[in-house]
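Participant: Just passing along the structure, written as structure tokens.
What follows is calculated from the coordinates using simple rules that are stated; it is not laboratory data. Remember, it's a predicted structure, so these values are computed and weren't measured experimentally. As a convention, Cβ positions derive from the backbone with ideal geometry for all residues, glycine included, and neighbour counts pool all protein chains shown.
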Amino acid sequence: MPGRPGPADRESSRLSHLTSTEVAGRIEDLYGAPLADLEARAKDQPPGMLSALLGMHDDLALAERSIDVHRDHLAQLIHPERQIGRHEVSHLLDGSRRLAEAVAVRDVQAKSVAAVLQSLARVPAPAPSPTTASPPVPAPPLPAQSTAYSR
């Protein structure tokens, strides 16, 4: 019903939409290194969580750039000094559709990467354990001596 929040509206207000900049910061915090260093490190390693997070970050950044491009294009089409004729209407509709798709992709990417990052925590480096000598191993028991004479 128009003007009335529905289930999707309630869900979207609960979602944490991270930007690619925020995601980059969280990845850097998680791995304790700048993003550029992490990207170089990921190239030298087999695929794993780091490469997955970097890929998700790249996808989110691409979706954000796509939103900017489509929004700017629509702004040009509806400029106050510009006439909107039949031909422009089809461009407006196409631009609006593309913008909506870019926003949907961004929302999915943001939701996914937020869920993954929320499930991860930086593990502190293990504290070096003091080198203590292990307790001495007890000597094996001696065989019992018998008082009986052997023949």
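Participant: At what distance in nm do the modelled label points of Ala100 and Val69 sit from each other, each positioned 7 Å from its Cα along Cα→Cβ?
Facilitator: For the pair Ala100/Val69, the computed spacing is 2.0 nm.
Participant: How do Asp29, Asp44 rank when sorted from fewest to most other Cβ atoms within 10 Å of their own Cβ?
Facilitator: Fewest to most other Cβ atoms nearby, the residues stand as Asp44, Asp29.
Participant: Kindly provide the Kirkwood hydrodynamic radius of segment 15-119 in Å, to one decimal, from all pairs of distinct alpha carbon atoms.
Facilitator: In segment 15-119 this quantity evaluates to 15.5 Å.
Participant: Just to be sure I understand the model, the point goes 7 Å from the Cα along the line to the Cβ. What's the resulting Gln76 to Ala52 distance in nm?
Facilitator: Result: 4.0 nm between the two label points.
Participant: What is the extension gain from Ser90 to Ala115, computed as 0.36 nm multiplied by their sequence separation minus the C-alpha to C-alpha distance, in nm to one decimal?
Facilitator: Extra length from Ser90 to Ala115 when fully extended: 5.2 nm.
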